[in-house]
Amino acid sequence: MSTSKDLLSISDIADRLPALLQNAARLKRSRRAGVRSTSLLGRNLAMIFEKPSTRTRTSFEVGIGDLGGHAIYLSKTDIQLGRGETIGDTARVLSRYCDGLIYRAFHHSDVVELARTASVPVINALDDLEHPCQIVADLLTMHERWNGEFRGNRVAWIGDGNNVLHSLLLGAAAMGLDLTAASPEGYAANPEIVRAAAALAAKSGSHLRFVSDPAEAATGADALYTDVWVSMGDEAQMADRTRAFQGYQINSQLLGLARPDAFVLHDLPAHRGLEITDEVLDGPRSAAWDQAENRLHAQKAILELLIPPLPAG
Ligand code: CP
Ligand code: NVA
């Protein structure tokens, strides 16, 4: 069983994912029944954000509050990190006050550095390589729709070989879920992530495939998943990317190639009319809103996994 103090990559929790999903499902049921846990009572968590966020920030803040803890939002530009204080010095100081650090960064290496120098758990809230918290919520969404069974199902990724795909590849491979990714030439997934996912897939039996034709990926799929063509930090490539991704859109025609009961995932925010149409995102087969809600339940399960309750008394 892996025991990393941190969640920097889905690889850190690959063998703990089944239990994590069970706990997320339990926390969802409890919240709906009006029952709150107090597992973070007395705990303080700092949330450092270098990029904007609607879902990740709010679901963490609400989730920490639900569990009786206290969240402190720190925009990078409001703290000394933005004026050149090192990540290491920031980590050492915040570790003296806080029981965990949540970090949304441009560079994965910065998240690794924060985790190396912090004595408390660090959670990756998205960087240029991975978005692990998103994928825990996505797996919860699939778990609900497939009654807990990942094996024998296949998700088709339509779009960029980006941070979300990287975490999805690792998560699918860990859970025995098949995945076909369709990306344009030059925008394929990172080869190191593909190797790590292939190693997990060899153990779980999941089939990972990489193609360039969206129709090939979508045909017979049990779920279609897409994300923006231009991620935060890639804005300078907007024109090239907009050209390269023409045709990589989830629309009714592409959805028509999937299985009749297939559903559609999008981590959001969506660029309506680009990677997904209004008709699909707002349609009956869209799982995107459940997916967004599940960020909350997933964050709470992640926090309970990494931060033990304080002893009573
Ligand atoms: N999906 C996601 O991480 O959304 P935010 O950027 O709004 O946090
Ligand atoms: N790939 C996107 C995900 C946003 C939640 C980005 O990094 O901007």
*Find which of Gly42, Ala71, Ala24 sits farthest along the positive direction of the dipole of the stretch 9-74, computed with +1 on the beta-carbon of Lys and Arg, -1 on that of Asp and Glu, about the Cα centre.*
Ala24
*Can you tell me the relative contact order of the stretch 101-169? Whole percent, Cα pairs under 8 Å, sequence separation 6 or more.*
30
_What figure, in Å² to the nearest 10, do you get for the accessible area of Glu192 with a 1.4 Å probe and non-protein molecules left out?_
130
*Considering the options Gly148, Gln246, Val228, tell which one lies farthest towards the positive end of the dipole of the stretch 139-263, charges being +1 on Lys and Arg and -1 on Asp and Glu at the Cβ, about the Cα centre.*
Gly148
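For the stretch 183-288, report the accessible area per residue in Å² (1.4 Å probe, heavy atoms, rounded to an integer).
Each residue of the stretch 183-288 exposes 50 Å² on average to a 1.4 Å probe.
Summing -39500 (n - 2.57) over the DSSP H runs of n ≥ 4 in the chain and dividing by its residue number, what mean residue ellipticity at 222 nm do you reach, to the nearest 500 deg cm²/dmol?
Values: 12 runs with 129 residues, N = 313.
So the calculated ellipticity at 222 nm is -12500 deg cm²/dmol.
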*Assigning unit charges at the beta carbon (Lys, Arg +1; Asp, Glu -1) and nothing else, what dipole magnitude in debye, to the nearest 20, does the stretch 1-133 show about its Cα centre?*
720
*Can you pull the accessible area of Arg259 for me, 1.4 Å probe, Å² to the nearest 10?*
110
_With +1 assigned to the C-beta of every Lys and Arg and -1 to the C-beta of every Asp and Glu, and no other charges, what is the dipole magnitude of the chain about the Cα centre in debye, to the nearest 20?_
1060
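Give, rounded to the nearest 20 debye, the magnitude of the charge dipole that the stretch 33-111 has about its Cα centre when Lys and Arg contribute +1 at Cβ and Asp and Glu contribute -1 at Cβ.
Computed charge dipole of the stretch 33-111: roughly 100 debye.
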*Rank-order 293-301, 7-15, 78-86 by packing density, defined as the average count of other C-beta atoms within 10 Å over each peptide's residues, highest first.*
293-301, 7-15, 78-86
*Using only Cα atoms, locate the centre of the stretch 102-165 and the centre of the stretch 34-53, then give the distance between them in Å, rounded to an integer.*
18
*When the Kirkwood radius is taken over all Cα pairs of the stretch 177-313, what Stokes-Einstein diffusion coefficient follows at 10 °C and 1.306 mPa s, in µm²/s?*
93
*Ordering Phe210, Phe60 by how much accessible area each has at a 1.4 Å probe, largest first, what is the list?*
Phe210, Phe60
_Given contacts defined as C-alpha pairs under 8 Å and at least six residues apart, what's the relative contact order of the stretch 131-194, whole-number percent?_
38
*Largest first, how would Met175, Met232, Met142, Met238 line up by accessible area (1.4 Å probe)?*
Met238, Met232, Met175, Met142
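The values are calculated or read from the model by the stated rules, or taken from the named source; none is laboratory data. Bear in mind the structure is a predicted one, so any value in this text is a computation, not a measurement. Because the Cβ atoms are built from the backbone with ideal geometry, glycine has one as well, and the counts that use them run over all protein chains shown. Surface accessibility is based on the protein's heavy atoms, side chains included, excluding ligands, DNA and RNA. Shrake-Rupley method; radii C 1.70, N 1.55, O 1.52, S 1.80 Å.
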